[in-house]
């Protein structure tokens, strides 16, 4: 998340910085470590020092650029469930245009960036509270077991995207398979892997 000083800038200046950063990151999309804050500042027509007044580091700037090119799911209607929300949220597939696609691929190629996105950006207190609200509503409607720990369930849900990514890396799958794996893992989270009558047989 950028610093407040960035959010106070005129929209035109914000966009100029983000556009310059997107150009730099995409130009070095196969070598993220070689992308340069100095060049970004030069392209944006500002000093390097200003970049660090607006962002904590290069990764922070990258996430700001990425988030500006990613569609965020809106809070759903009162009647919808967390499962409904998950279908709209499903990860890096929700991107806008070619720039969003290129930035998503940069993240997929860099474990550190992906981990930062999931655990620093996605799993924020506000996000986790929203998940717990959905869980509470779903339990009130009789969709969940009575003994579900909302804190644990919300955190587990928030890590599915990273687990899908790790699975693809471990199995040599490219970015295009990430969404498919994410869908499978999400369904397992909501519906489990054992059939309905298995519990009795396992606890005898």
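The values are calculated or read from the model by the stated rules, or taken from the named source; none is laboratory data. Since the model is a prediction, treat every value here as computed from it, not as a measurement. Every residue, glycine as well, gets a Cβ built from its backbone with ideal geometry; the counts of neighbours run over all protein chains shown.
Answer yes if at least one residue in the range 171-191 is out of contact with any helix residue (DSSP H, G or I) (no Cβ under 6 Å at 6 or more places or on another chain) and at positive phi, and no otherwise.
yes
Please work out which residue is farthest from residue 98 (Cα to Cα), limiting yourself to the range 29-47 and to residues that are at pLDDT below 95 and in contact with a helix residue (DSSP H, G or I) (Cβ under 8 Å, 6 or more places away or on another chain).
Only one residue tops the list, namely 32.
Taking the stated definitions as given, is residue 9 part of a loop (DSSP other than H, G, I, E, B) and under 26 Å from residue 126 (Cβ atoms)?
yes
Given the options 25, 6, 63, name the one that is closer than 26 Å to residue 183 by Cα, in contact (Cβ under 8 Å) with a residue 12 or more places away in the chain and within 22 Å of the chain's Cα centre (by Cα).
Values: 25 fails: closer than 26 Å to residue 183 by Cα; 6 fails: closer than 26 Å to residue 183 by Cα.
Going through 25, 6, 63 in turn, just one is closer than 26 Å to residue 183 by Cα, in contact (Cβ under 8 Å) with a residue 12 or more places away in the chain and within 22 Å of the chain's Cα centre (by Cα): 63.
Scan the range 30-49 and give yes if some residue there is surrounded by 13 or more Cβ atoms within 10 Å (Cβ to Cβ) and over 16 Å from residue 65 (Cβ atoms), otherwise no.
yes
Being over 19 Å from residue 84 (Cα atoms) and touching a helix residue (DSSP H, G or I) at 6+ places or on another chain (Cβ under 8 Å) is the filter here; which residues of the range 124-147 pass it?
The one that is over 19 Å from residue 84 (Cα atoms) and touching a helix residue (DSSP H, G or I) at 6+ places or on another chain (Cβ under 8 Å): 146.
Only one of (1) at pLDDT below 90; (2) part of a loop (DSSP other than H, G, I, E, B) is not met by residue 202, so which one is it?
Failed condition: (2).
Among the numbered conditions (1) in contact with a helix residue (DSSP H, G or I) (Cβ under 8 Å, 6 or more places away or on another chain); (2) within 24 Å of residue 129 (Cβ to Cβ); (3) in a helix (DSSP H, G or I), tell me where residue 152 comes up short.
(1)
Hey, among the residues in the range 9-19 that are surrounded by fewer than 20 Cβ atoms within 10 Å (Cβ to Cβ) and within 14 Å of residue 43 (Cα to Cα), which one's farthest from the chain's Cα centre (by Cα)?
Result: 13.
Which residues, counting only those in the range 75-111, are part of a loop (DSSP other than H, G, I, E, B), closer than 27 Å to residue 33 by Cα and modelled with pLDDT of 80 or more? Reasoning before the result, please.
Our first condition is that a residue be part of a loop (DSSP other than H, G, I, E, B); within the range 75-111, this holds for 75-81, 90, 94, 96, 109-110.
Filter again for closer than 27 Å to residue 33 by Cα, leaving 94, 96, 109-110.
Selection gives 109, 110.
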